[in-house]
Structure formats: C-alpha cells, structure tokens
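J.: So that we are looking at the same thing, I have put the structure below in structure tokens.
The values are calculated or read from the model by the stated rules, or taken from the named source; none is laboratory data. The structure presented is a predicted model; accordingly, all values stated were derived computationally and were not measured. Quick reminder, even Gly has a Cβ in these numbers, built from the backbone with ideal geometry, and neighbours come from all protein chains shown.
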C-alpha cells in the first residue's frame, strides 16, 4: 500500500469518526431534550408554527 493510499484511508477514517460522533450527539439530544426533538421533527416534516418564518439553506456536499 502506498503512502498516498494510506493517507487517504486515514483521512476517510477521521471523517467517518467525526460523522459517528455527530450522530451520537444528535441521538442523545433526541432522547434527552424535548426542545431539540420538537425542532428536529418540525424540520424533518416541514412544519412551522403560525406566524413563524422558516429559512432553508442548502449545504454544499462533497461528492
């Protein structure tokens, strides 16, 4: 295995570990924080309260 291949694999591993950490934090917040659960659910279902303005921003994705 070349040094470049190893470096890429290590970078991929770091990115995956960061994603796992983020998902674990999100999971814990969903379990423990009712406000987060409401916001998360409303966002996923495109719901909003009367008089509320919702701004959506799309994230650039690395493909």
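J.: If I filter segment 30-38 for residues that are in a loop (DSSP other than H, G, I, E, B) and out of contact with any strand residue (DSSP E or B) (no Cβ under 7 Å at 6 or more places or on another chain), do I get at least one hit?
T.: Yes: segment 30-38 contains one or more residues that are in a loop (DSSP other than H, G, I, E, B) and out of contact with any strand residue (DSSP E or B) (no Cβ under 7 Å at 6 or more places or on another chain).
J.: Cβ contacts < 6 Å: first residue on the phi < 0 side of the Ramachandran plot and surrounded by 10 or more Cβ atoms within 10 Å (Cβ to Cβ), restricted to segment 32-47; second residue at pLDDT 90 or above and assigned to a helix (DSSP H, G or I), any location; separation 6+ or different chain. Result?
T.: Pairs that qualify, where the first residue is on the phi < 0 side of the Ramachandran plot and surrounded by 10 or more Cβ atoms within 10 Å (Cβ to Cβ) and the partner is at pLDDT 90 or above and assigned to a helix (DSSP H, G or I), are 36/29.
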